[in-house]
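See structure below.
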Amino acid sequence: MLQVALTGGIATGKSYCLGRFAALGVPTIDADRLAREAVAPGSPGLAAVAQRFGAHIVREDDTLDRAALARIVFSDRTARADLEAIVHPDVYRRIREWFAQLPHGTPVAMADIPLLFETGHEHDFDAVVVAACTPEEQLRRLVARDGLSETDARARLEAQSPIDEKVRRAQFVIRTDIGFPQTDEEIERIYRKLARQA
C-alpha cells in the first residue's frame, strides 16, 4: 500500500482535495479530527492540556475551550510546542493504526496532516501531496472562513511553515487557486500517478 500524506497551509484547500481523493476511492483520514479526539472530554490528552494551561481552559461541560487555547498558543511559540507535544504523538499513533487496519490490497491511502513538515514526519510516508494557493488567497480565505481579524489570521499563518517551502519539499502539488475544474484535473492526474506507483 502506498501511504500518502496530504498537507499544505491553513486555508489552502486541503479538505476539498481530501474529499476529491475520497470520491476517487482513496481511503482517507483527517489528522485535525484525530487531534480533536485526542483532547475529547475525559481523555488523558485533555487532562494534560488542563495541567499545562490551567483548569480555566476546560469549560463546565468538560469540553476544551478552543478559542481560549488558540489565543494562548498562537501568541506564544513555547506554549504551542507544549500543546503539540501533548497532541501529536497520539495523532500519529492513531494514523499508524489506521493504515495498519486497512484491507490487504488497498493500493493507495491518504492522511491529511496540516503540520506534517513542522512535525518532521514527512519521511513516514511514501509520497507527500501539498495543497497550495498564494499567501494572499490563504489570508483572504482564513478571514472569510473563520471570521478572524487580519492580525489573528496572520498570526495563525506565521505559526506554520510558508506554503512555498512546503511546495518545494513535496512530491506532488495541487494548486487550489486556479478554479475548481483545473484543481479537479490536477487531483485526478495525481491520483492516476499514485495508483501507478502503487
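Quick look at the values:
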{"quantity": "Cβ crowding within 10 Å averaged over residues, with 141-151, 64-74, 97-107, 8-18 ranked highest first", "calculated": "8-18, 64-74, 141-151, 97-107"}
{"quantity": "The chain: angle of helix 180-197 to the longest principal axis, Cα-based, in degrees nearest 10", "calculated": "70"}
{"quantity": "Theoretical gain in end-to-end length, T119 to E60 [0.36 nm per residue, Cα-Cα removed]", "calculated": "18.0 nm"}
{"quantity": "Distance between modelled label sites at R154 and R169, nm, 7 Å Cα→Cβ extension", "calculated": "2.4"}
{"quantity": "Approximate spin-label separation E84-E97, in nm, with each point projected 7 Å along Cα-to-Cβ", "calculated": "2.4"}
{"quantity": "Cα extents of the stretch 33-101 along the three principal axes, largest first (Å)", "calculated": "38, 28, 17"}
{"quantity": "Intensity falloff of the chain expressed as log10 I(q)/I(0), Debye formula with alpha-carbon point scatterers, at q = 0.09, 0.13 Å⁻¹", "calculated": "-0.36, -0.74"}
{"quantity": "Simple spin-label estimate for A50 and F180 in nanometres, 7 Å along Cα-Cβ", "calculated": "4.3"}
{"quantity": "Per-residue [θ]222 nm for the chain (sum of -39500 (n - 2.57) over DSSP H runs n ≥ 4, rounded to 500)", "calculated": "-16500 deg cm²/dmol"}
{"quantity": "Among 168-175, 50-57, the order from most to least packed when residues are scored by Cβ within 10 Å on average", "calculated": "168-175, 50-57"}
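Every read-out reported here was derived from the displayed coordinates using simple, explicitly stated rules and does not represent laboratory data. Everything quoted here is computed from the prediction, not taken from an experiment. Note: ideal-geometry Cβ built from the backbone for every residue, glycine included; neighbour counts use all protein chains shown.
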